[in-house]
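In what follows, a single structure is set out as structure tokens and then discussed.
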Amino acid sequence: DNKFVGGGIPEAIWQLGNATTMNLSKNNFSGSLTSSISKLTSISRLDLSDTGLNGYLPTEMGTITTLERLLLRGNSFSGTLPDTFSSLTSLVELDISWNDVTGNVDFLCHIFHDTTR
């Protein structure tokens, strides 16, 4: 289990631009994600499940085109998925279950049309 103690995700985490995999799941964070997440320019797997994060998902997440797996389940994210997520064309797994995200996700259909990936 990961064990950061409370507070927001440390800003230094977003400076790890060359990281390809990051698992911050099951931590006790508070607050929301910031636009700084877009500094993870090489990340392919990002797991922020069950971390206690809340708020809206930043539109800048849609600029991380290397993302293949984005796991956000079990938080308190709210609002709609940013339209910029349609740019995540490498995405093969998106888990936003157990959040308060609402709205239409039809704009993501073109990403998941190829089930051979």
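We did not get these values from a lab; they are worked out from the coordinates using the rules stated. Small disclaimer: the values here were computed from a predicted structure and weren't measured. Using ideal geometry, Cβ is built from the backbone for each residue, glycine included, and neighbour counts are taken over all protein chains shown.
Details
- When the strands (runs of 3 or more DSSP E) confined to region 18-111 are screened for residues that are farther than 18 Å from Gly7 by Cβ, those reaching at least 3 such residues are found at 45-47, 69-71, 76-80, 93-95, 100-102.
- Filter result for the condition that a residue is small (Gly, Ala, Ser) and in contact (Cβ under 8 Å) with a residue 40 or more places away in the chain, over Ser36, Ser25, Ser76: Ser25
- Options Ile43, Ile13, Ile9; residue that is surrounded by 15 or more Cβ atoms within 10 Å (Cβ to Cβ), of a type outside the set (Ser, Thr, Tyr) and under 17 Å from Leu91 (Cα atoms): Ile43
- Residue count for region 63-91, restricted to those that are surrounded by fewer than 16 Cβ atoms within 10 Å (Cβ to Cβ) and either among the small types (Gly, Ala, Ser) or more than 13 Å from the chain's Cα centre (by Cα) (or both): 7
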